[in-house]
Amino acid sequence: METTRAAAVRILVADDEDDIRDGAERILRRMGYDVLKAARGDAALQLIDASRPEIVLLDLKMPGKDGMEVLAQIRQHHPNILPIIITGYATVDAAIEAMKRGAYDFVPKPFEPDQLRIVVNRAAERVRLTREADCLEQEKRRTLSDLGTEKSRIHTIVESLPDGVLVTNASGQVVLMNPACRQLLSLGPEAGPGKPLSAYLPDEALCALIMDISQGKHLDYGDIPDYEFALGSGKYLRARGQPVLGDRKDCLGAVVNFVDITALKIVDRLKSEFVSKVSHELRSPLSTIHEQLATVIGDLVHVVPVQDQHILTRAKEKTKGLISLINDLLDMSRIDEGVICREPRPVSLDELLRSIIDFLGEKAKAKSQTLELILPQRPLPEMQADPIALESIFGNLITNALNYTPEGGRIRLEVDVAGVNVRARVIDNGLGIAEKHLDKIFERFYRVKDEKTRYITGTGLGLPIVKGLLDAMGGIIEVQSTPGEGSVFTVLLPVQASSSLKAEN
């Protein structure tokens, strides 16, 4: 390690005595140094200019220019070079004078090899430390330059983003806001950072959410919900916040992204109005057709041939399927409009679930299935919820279980209390769902299609309705399934069910 460091140090030996020059060269080269030699003062200065040695062993008595003149030139033009004076005992006073003029050290001659090694190694260590300090300083300057450049780049990027960006510190005070954010929030150019959130955002619930994120209450990115809110001008915005974490994973504040979703809201409203209008227009005639087909089948059961009865029965089943689809579309439309779960009221969940099980029990008997309701020993707490929404949630889940469980299968609804939530599990030993479908089954109109399910009728809206209603009520749903063994749908509902953000806005 020492040899490697010494190899980078270049030493000039300037002395008019051949023995001194050659002897010093042999000693220094064995130590791993790069050695130059000069017999005259003027030649030494030329080598210094050309080769830039870090250490110069300088004899004070040389022809041409003596050591004092060379020393003066070194101090003036090459202050980083370390001159070491070589002097005889008779000229010690001169060596001391040279030290006063800037020489680093001196060695008397004739000198022992160890004396030379000690003095040169000390100077070489000084050179090495100086180099390291220079490297650190250069690195510091480069780092500061990079930081300044990076800061400028980031600032330019943030300023040019089309979406609004707002950054807060850990106290919830706004520290950064780009022009797009000012425009989206209808703020003037004078609305600079430095004020609390309430000075910029009109929505108290959003301010509270951002404050929680800023203070580190939502360090898990997955549990931070998007937030939609309306401005007085009829503009709708979506806010998405994330914590800003330091090197030690401590929360430094929050960054919030704002997107204008007014156009999406208009399209959603038009789509919902269209679906609602068409569904209402179709439901009445389809219901009439279904009832008439039922009457015809009942009246002609002994008159019409069996094959014709089958055609009428299939037509009756298709009209029933269309009516079911229309009802599901209307439910989805009401969920989108936020008119479901808007007025929760006290609900006895025990009674509601018993009525659902009783109602669907006949369908289970038709397939020789066992349908059970397992309640805790203590009565369930009274819930504040929309009873129609609860009927739709559990009715859809149990109906799905009945449809996708073969004849003779078993379906059970287990309910208990988990903290401030009611937990319900719909368990079946049916066909099950492959893992590749699990993240898609809550999408609208998505249905698992394979050889075992191709003949099972459905709209593909049952689970999306369940998910939409639970989102509106502040609940969650999870599913575990194994193909060929069955599925478990777990629902968590807060006892004090909340209305959806969409409904509130």
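Taken together, the values in this text are just the output of simple stated rules run on the coordinates, not laboratory data. Quantities reported herein were computed from a predicted structural model and do not represent experimental measurements. Quick reminder, even Gly has a Cβ in these numbers, built from the backbone with ideal geometry, and neighbours come from all protein chains shown.
Here are a few things to note about the model shown:
- Among 437, 218, the order by Cβ neighbours within 10 angstrom, fewest to most, reads 437, 218.
- Amide H contacts of residue 9 (H built 1.01 Å from N, under 5 Å, at least 5 apart or other chain): 34
- Distance between modelled label sites at residue 77 and residue 354, nm, 7 Å Cα→Cβ extension: 10.9 nm
- For the range 1-74 versus the range 183-219, the inter-centroid distance based on Cα atoms is 69 Å.
- Listed pairs 217/467; 363/440; 37/109; 235/265; 316/452 exceeding 20 Å between Cα atoms: 217/467; 363/440; 316/452
- Across the range 122-133, computed HN-Hα scalar couplings (Karplus, 6.51 cos²θ - 1.76 cosθ + 1.60, θ = phi - 60°) run 5, 5, 5, 5, 4, 4, 4, 5, 5, 4, 4, 5 Hz from first to last residue, x flagging Gly and Pro.
- On full extension, the segment bounded by residue 69 and residue 370 gains 97.2 nm, given 0.36 nm per residue less the C-alpha separation.
- Here the range 175-251 is treated with +1 on each Lys and Arg Cβ and -1 on each Asp and Glu Cβ, and its dipole about the Cα centre works out to around 220 debye.
- Order by protection proxy (mean Cβ within 10 Å, highest first), peptides 368-381, 126-139: 368-381, 126-139
- Prolate/oblate/rounded label for the range 85-137 (Cα gyration tensor, a/c 1.5): oblate
- Net charge over other residues, Cβ less than 11 angstrom from the Cβ of residue 371 (K, R count +1; D, E count -1): +1
- Shown is the FRET efficiency for residue 345 and residue 423, computed with R0 = 22 Å from the Cβ-Cβ distance and rounded to the nearest 0.05: 0.50.
- Relative to the current alpha-carbon distance between residue 154 and residue 248, full extension at 0.36 nm per residue lengthens the span by 31.6 nm.
- Using a Förster distance of 22 Å, the FRET efficiency for residue 49-residue 16 (Cβ separation, nearest 0.05): 0.65
- Here residue 476 and residue 137 are evaluated by their C-beta separation; at R0 = 51 Å the FRET efficiency comes out at 0.35.
- Three-way shape label, the range 4-110, alpha-carbon gyration tensor, a/c 1.5: rounded
- Qualifying GluC sites (Glu not before Pro) in the range 163-262, where qualification requires a DSSP coil assignment and no more than 14 other C-beta atoms within 10 Å, comprise 190.
- A crude spin-label estimate for the pair residue 410 and residue 391, with each label 7 Å from Cα along the Cβ direction, gives 3.0 nm.
- Model label zone, residue 130; criterion: amide N under 18 Å from point 7 Å along Cα-to-beta-carbon; scope the range 28-59: 33-36, 45-59
- Given their separation in residues at 0.36 nm each and the Cα-Cα distance between them, residue 99 and residue 291 gain 57.3 nm when the chain is fully extended.
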